[in-house]
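Enquirer: This is the structure I want to talk about, given as structure tokens.
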Amino acid sequence: MSTISSIARGLAVAAAMAATLAQGQSFPSKPITWILPFPPGGVTDPVARMVGAKVSESIGQQVIIDNRPGAASIIAAEAVKRAPADGYTLLFGHAGSHAVNQALYTKLSYDPQKDFIPITNLISTTHVLVVPISSPAKTMAELIALAKAQPLNYGSQGIAAGGHLLGEMFKLRTGAVVNHVPYKGSGPLVQDLLAGRVDMAFDSPITSGPHVRDGKLRALAVASPKRNRNLPDTPTMAEVGYAGLELDFWFGLFAPAGTPPAVVQRLHKEFVAAVNHPDVSKKILDTGLDVTTSRTPEEFAALIAADAARLGKVVKDSGARVD
């Protein structure tokens, strides 16, 4: 009986493996909807459309971009959480939606870890510390001395955005006195920086970089382990004595929890290949973003867990909460 049972168990395992393999090979058999928590026309929207078009070429099915902005990406995340776990509805999540919101919101309507399967990181953006060209601070040391002599205002793209987190890290690390002024995105933030109505900000080189090159803003340091290729003369935080005061804000692909492993692997393969295609990656790099794909879904999951712990602590230390 034991021999027969062993054979039966072996046959069952083999049948399950065959079914899983077949599932991966047959997927996809219809269009895939990729939900973005960003409005059309932003920095990430054209990237998703380029990557989606390249994936479509490979799989022979359309990748439909569905923009659902608002509520700090909660609207988009909820939609994907509720979708069937079959790989046909995906989320363009990011460090905010999956590493920050859980610490920020008292009652978050989704669990970043339990409700989603990470597939791969896709792109990331660094931040540069900028001040108005009229600021007396020409170096990081001068800015810190200025902020210790008199309170300064730092602007951000919004509560728990990369600029907010870095501003709080700056405050804790340097002992400087800086007060947070949240904006609704980089656009109005940069306008007030240019007008001198805010003293400093950590912003993306995509939006602030052109003004730095035009001599309208001054870049003091890049909050990343390496210099930014579009601002090669701007030192890193480590170079000015503040290693670790860094945040590369990532954006990646997620599926609903319960999506079959074979489907997850197929999606990983297709999206990694698409974003690394020479035609696509060059255009992404030209915008000022970085291509940062994960070797495996597990590697992406590890990045999320590490950032959830690190950035969650920054949020808690800042006292920021949303009910």
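Each value in this text was obtained by applying a stated rule to the coordinates, not by laboratory testing. The structure displayed is predicted, hence computed values, not measured ones. As a convention, Cβ positions derive from the backbone with ideal geometry for all residues, glycine included, and neighbour counts pool all protein chains shown.
Enquirer: Classify the range 22-176: rounded, prolate or oblate, from the alpha-carbon gyration tensor (a ≥ b ≥ c, eigenvalue square roots; a/c under 1.5 rounded; otherwise prolate if a/b is larger than b/c)? Don't skip to the answer; put the middle values down first.
Expert: Working: a/c = 3.22, a/b = 2.19, b/c = 1.47.
Here the range 22-176 falls in the prolate category.
Enquirer: Report the trypsin sites (Lys or Arg not before Pro) located in the range 163-200 that are in a DSSP loop and have at most 13 other Cβ atoms inside 10 Å of their Cβ, or state none.
Expert: Lys184, Arg197
Enquirer: Also, quick follow-up: Antiparallel as a % of all DSSP beta bridges within the chain, to the nearest 5?
Expert: 55 percent
Enquirer: Let me ask you something else. Could you give the length gained on full extension between Lys30 and Gln191, defined as 0.36 nm per residue of separation minus the Cα-Cα distance, in nm?
Expert: 53.5 nm
Enquirer: Figure the gain on full extension for Glu142 and Arg227 (residue separation times 0.36 nm, minus the Cα-Cα span) and round it to one decimal in nm.
Expert: The Glu142-Arg227 span can extend by a further 28.6 nm.
Enquirer: Sort His277, His268 so the one with the fewest other Cβ atoms within 10 Å of its own Cβ comes first.
Expert: So the residues, fewest neighbours to most, are His277, His268.
Enquirer: With each pseudo-label sitting 7 Å past Cα toward Cβ, what's the Ala309-Arg49 distance in nm, one decimal?
Expert: 4.0 nm
Enquirer: What angle, in degrees between 0 and 90 and rounded to the nearest 10, separates the Cα long axis of helix 162-174 from the longest principal axis of the Cα atoms of the chain?
Expert: On a 0 to 90 degree scale, this one is about 60.
Enquirer: Charges at C-beta only: +1 for Lys and Arg, -1 for Asp and Glu. How large is the resulting dipole of the range 190-270 about its Cα centre, in Debye rounded to 20? Walk me through the numbers before you get to the answer.
Expert: Details: 9 positive and 9 negative charges, 51 e Å.
Roughly 240 debye for the range 190-270.
Enquirer: For the chain, find the longest principal axis of its Cα atoms and tell me its angle to the long axis of helix 186-195, 0 to 90°, nearest 10.
Expert: It is inclined by approximately 10 degrees.
Enquirer: Output the peptides 119-132, 69-82 sorted from most to least packed, where packing is the average of other Cβ atoms within 10 Å over each peptide's residues.
Expert: Peptide ranking by packing, descending: 119-132, 69-82.
Enquirer: Working from Cα positions, state the angle (0 to 90°, nearest 10) between the long axis of helix 140-149 and the longest principal axis of the chain.
Expert: With both axes taken from Cα atoms, the answer is about 60 degrees.
Enquirer: Shape of the range 50-96 from its Cα gyration tensor (a ≥ b ≥ c, root eigenvalues): rounded if a/c is under 1.5, otherwise prolate when a/b > b/c, or oblate? Don't skip to the end; give the middle numbers.
Expert: Details: a/c = 2.59, a/b = 1.66, b/c = 1.56.
The shape class here is prolate.
Enquirer: Continuing with the same structure: Gaussian network model of the chain, Cα springs within a sub-10 Å range: biggest mean-square fluctuation belongs to which of Phe254, Phe202, Phe27?
Expert: Phe27
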